[in-house]
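Take a look at this one; I'll ask things after.
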Amino acid sequence: MDYTIVKKTITNDSSCVEKRIEIDNIKGKKINNVFWSLYLILLMKLSLIIIIIGLIILFLGVIFYFQSKSIVGPPQSFMYSNPDWTINGFIIISMGLSLVLIGSFILMRYKK
């Protein structure tokens, strides 16, 4: 449904001139641009949050891996010199790395 505004103006020779302006076309473009820019801003912030969370998970995975190899951590820890945590560390590292890559891809894809 098209909504129109009718603007009547009277000219010098007393004739009436009508101008019709379509509201949908004018407002639709402005609203779409505003929503699109807000969407991009939220997407950029979300991608930065995803990258930060991915880096934290990546860091924890490296710590878990080093604890399993007896490089870091106290000897009383249940992860210390435990080969199961080597596999867990690699899994956690890959999860963190994938989050960092996904966040970076989103950031690079929609950056202006």
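The values are calculated or read from the model by the stated rules, or taken from the named source; none is laboratory data. Just so we're clear, the structure is a prediction, and the values are computed from it rather than from any experiment. Every residue, glycine as well, gets a Cβ built from its backbone with ideal geometry; the counts of neighbours run over all protein chains shown.
I'd like to check something: does region 26-49 contain any residue that is of a type in the set (A, V, I, L, M), at pLDDT below 65 and surrounded by fewer than 12 Cβ atoms within 10 Å (Cβ to Cβ)? Step through it out loud before you land on a result.
Here is the first cut: in region 26-49, the residues of a type in the set (A, V, I, L, M) are 26, 31, 34, 38, 40-44, 46, 48-49.
Going one step further and asking which of them are at pLDDT below 65, we end up with 26, 31.
Imposing the further condition that a residue be surrounded by fewer than 12 Cβ atoms within 10 Å (Cβ to Cβ) reduces the set to 26, 31.
There is at least one residue in region 26-49 that is of a type in the set (A, V, I, L, M), at pLDDT below 65 and surrounded by fewer than 12 Cβ atoms within 10 Å (Cβ to Cβ).
In addition: Within region 68-90, can you find the residues that are under 23 Å from Leu55 (Cα atoms) and hydrophobic (A, V, I, L, M, F, W, C)?
Selection gives Ile71, Val72, Met79, Trp85, Ile87, Phe90.
Still on this structure, I have one more. Out of all the residues in region 5-13, is one or more among the hydroxyl-bearing types (Ser, Thr, Tyr), at pLDDT below 85 and more than 13 Å from the chain's Cα centre (by Cα)?
Our first condition is that a residue be among the hydroxyl-bearing types (Ser, Thr, Tyr); within region 5-13, this holds for 9, 11.
If we keep only those that are at pLDDT below 85 too, we end up with 9, 11.
Next, only the ones that are more than 13 Å from the chain's Cα centre (by Cα) stay: 9, 11.
Within region 5-13, one or more residues are among the hydroxyl-bearing types (Ser, Thr, Tyr), at pLDDT below 85 and more than 13 Å from the chain's Cα centre (by Cα).
Kindly provide the set of residues from region 99-112 that are touching a residue at least 60 places away in the same chain (Cβ under 8 Å) and either assigned to a helix (DSSP H, G or I) or of a type in the set (Ser, Thr, Tyr) (or both), ordered by number. I'd like the intermediate steps shown before the answer.
Initial filter on region 99-112 (touching a residue at least 60 places away in the same chain (Cβ under 8 Å)): 106-107, 110-112.
Ile106, Leu107, Tyr110, listed by residue number.
What are the pairs, 6+ residues apart or on separate chains, where a residue within region 41-65 that is more than 11 Å from Ile102 (Cα to Cα) has its Cβ under 6 Å from a residue that is aromatic (Phe, Trp, Tyr)?
Cβ pairs passing all conditions: Leu43/Tyr110; Phe64/Trp85.
Please enumerate the residues belonging to region 62-98 that are of a type in the set (Val, Ile, Thr), surrounded by 15 or more Cβ atoms within 10 Å (Cβ to Cβ) and either modelled with pLDDT under 90 or in a loop (DSSP other than H, G, I, E, B) (or both).
Val72
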